[in-house]
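Reviewing the structure listed below.
No lab work stands behind these numbers, since they all come straight from the coordinates. This structure is a prediction, so every number in the text was calculated from the model and none was measured. For neighbour counting, all protein chains shown are included, and Cβ atoms are generated from backbone atoms with ideal geometry for every residue, glycine included.
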Amino acid sequence: MTIAVYGASGHTGKLVVAELRRRGVAPVLIGRNADRLRAAAAETGLPDATVRVAGLDEAALADAFGDIEVVISAVAPFLEFGEPVVRAAIAAGTHYVDTSGEQGHVERLFDVYAEPARQAGVTVVPMVNDGGFLGDLVGSLAAARVEQPRQVTLAHRHTGGAVISRGSGRTAIANADVFASGGVVFTGGTWRTDVPARTTEITFPGVPQPVRVVKFALTEVLTIPRHVPADHIEAVAEAEVAALFAGLTPEFAESLPEFPEDDPGNPGRFLVLAEVTGPGGGARAYAEGTDTYRFTATAAADAAIRLATDGAAAGVLAPSQAFDPADVLDSFAARGIRWSVESMDHTTA
Ligand SMILES: NC(=O)c1ccc[n+]([C@@H]2O[C@H](COP(=O)([O-])OP(=O)(O)OC[C@H]3O[C@@H](n4cnc5c(N)ncnc54)[C@H](OP(=O)(O)O)[C@@H]3O)[C@@H](O)[C@H]2O)c1
């Protein structure tokens, strides 16, 4: 199995390399800087790993991907640097997975690369991380419990843990407009920025009181409409979290650590929730775990191994179109992911 990591010298990229090694796969490390790639190989216990230097030049990238079955991209920000990597993967006939959490990037992959990927026989699965990926999977599982899904509401909750990485900070800055606007809502058969979220408060599992929420730019709003026939799909976050993202400054982003370490005594916990309602009732599903970046690496490595082993349809796919949601979530149990799907006793649609 030949799997490559593009951006292998970054925080997430290194963790993906380490996770592939743990799974018995020796990845090829690709990026723009030979010294940083070699250092990443040594730090992840693979001093003899193959290292290939390729910047964002499409021909150089396609050449580097020539014998690779699946490439995992962990560049930052994807909005600025993500596109040449997917274009080169399609040109090289290499399947593609990325760790993006950016609506603009995910939207562009579906809009521009769905047909070229289909024609090339290449599978492209964006946003494989602790956020949008899990959101898409639990959204699909909750919707399967509802006879006529009308509305889907998505939300993430993070508590404890380390600060975000500098790469994530730079990503938030590159997408500042989108985070400030709250991003898109799917309604009336299309994605719109000028529509507010209908949900104003939400009760997270394990939290006794409802919390006030506002529209927030989660990526699964772009993928769930591709496999759930609901009229209205929106994402929200606690108002304070949305304000934090909207208020990030470039100076603060640059002050963040390049390689933040989660505190084992107070690990970062994430919970990803989907509530689906229809005329006859509703259901909610959620997944929760610890350590955003390590879990993202687990998910991205797992997705790449699944594509190399089992394949998936050609084209740009939502996670739930590429993989069986329950099977994927169950497979993460050993990595501390718990998930649940349950009926809700109230109806809002
Ligand atoms: N839940 C989520 O949404 C979630 C979770 C985890 C990660 N992510 C996303 O994953 C991405 C990676 O985050 P990170 O913290 O790992 O970032 P990072 O540490 O800054 O790593 C970025 C990587 O991209 C490479 N890169 C940057 N600019 C480049 C350029 N112009 N040409 C070629 N390569 C370039 C860097 O190479 P050098 O080493 O040579 O600089 C590095 O390998 C971010 O967009 C982050 O938001 C999202």
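I want to confirm something. Restricting to segment 220-238 and keeping residues that are touching a helix residue (DSSP H, G or I) at 6+ places or on another chain (Cβ under 8 Å) and in a loop (DSSP other than H, G, I, E, B), which single residue is surrounded by the fewest Cβ atoms within 10 Å (Cβ to Cβ)? Residue satisfying both the conditions and the ranking: 227.
Out of curiosity, is residue 247 touching a residue at least 24 places away in the same chain (Cβ under 8 Å) and exposed (fewer than 13 other Cβ atoms within 10 Å of the Cβ)? No, not satisfied. Is it the case, given these coordinates, that residue 277 is within 18 Å of residue 131 (Cβ to Cβ) and either touching a strand residue (DSSP E or B) at 6+ places or on another chain (Cβ under 7 Å) or buried (at least 19 other Cβ atoms within 10 Å of the Cβ) (or both)? No; evaluated as a whole, the condition is false for this residue.
Going by the structure shown, is residue 180 closer than 13 Å to residue 236 by Cβ, among the small types (Gly, Ala, Ser) and either surrounded by fewer than 17 Cβ atoms within 10 Å (Cβ to Cβ) or in contact with a Gly (Cβ under 9 Å, 6 or more places away or on another chain) (or both)? No. Filter segment 31-53 down to the residues that are crowded, with 22+ Cβ neighbours inside 10 Å and near the ligand (Cβ under 9 Å from one of its atoms), then identify the one that is nearest to residue 66 (Cα to Cα). The qualifying residue nearest to residue 66 (Cα to Cα) is 31.
The residues listed here are 155, 162, 172; of these, the one that is within 14 Å of the ligand (Cβ to nearest atom) and either closer than 21 Å to residue 83 by Cα or in contact with a His (Cβ under 6 Å, 6 or more places away or on another chain) (or both) is 172. Among the residues examined, residue 288 does not qualify as of a type in the set (Asp, Glu) and touching a helix residue (DSSP H, G or I) at 6+ places or on another chain (Cβ under 8 Å). Go through the residues of segment 245-257 one by one and say whether even a single one is among the aromatic types (Phe, Trp, Tyr) and more than 27 Å from residue 124 (Cβ to Cβ). Checking segment 245-257: at least one residue is among the aromatic types (Phe, Trp, Tyr) and more than 27 Å from residue 124 (Cβ to Cβ). Of all the criteria given as (1) assigned to a helix (DSSP H, G or I); (2) among the hydrophobic types (A, V, I, L, M, F, W, C); (3) surrounded by fewer than 19 Cβ atoms within 10 Å (Cβ to Cβ), the one not satisfied by residue 304 is (3). Beta carbons closer than 6 Å, at least 6 apart along the sequence or on distinct chains, pair a first residue in segment 303-314 that is more than 12 Å from residue 125 (Cα to Cα) with a second that is not in a helix (DSSP H, G or I) for 308/1; 308/69; 308/70.
Considering segment 89-109, and only residues there that are among the hydrophobic types (A, V, I, L, M, F, W, C) and within 12 Å of the ligand (Cβ to nearest atom), the residue that is surrounded by the fewest Cβ atoms within 10 Å (Cβ to Cβ) turns out to be 106. Among the residues of segment 40-70, just one is closer than 22 Å to residue 259 by Cα and in contact with a Ser or Thr (Cβ under 7 Å, 6 or more places away or on another chain), namely 40.
Scanning segment 14-26 turns up at least one residue that is within 22 Å of residue 168 (Cβ to Cβ), within 15 Å of the ligand (Cβ to nearest atom), without any contact (Cβ under 8 Å) to a residue 40 or more places away in the chain and under 20 Å from the mean Cα position of the chain (by Cα). The set of residues from segment 123-146 being away from the ligand (no atom under 14 Å from the Cβ) and either of a type in the set (Ser, Thr, Tyr) or touching a Gly at 6+ places or on another chain (Cβ under 6 Å) (or both) comprises 123, 140, 146. Scanning segment 240-275 for residues that are among the β-branched types (Val, Ile, Thr) and out of contact with any Gly (no Cβ under 6 Å at 6 or more places or on another chain) turns up 241, 249.
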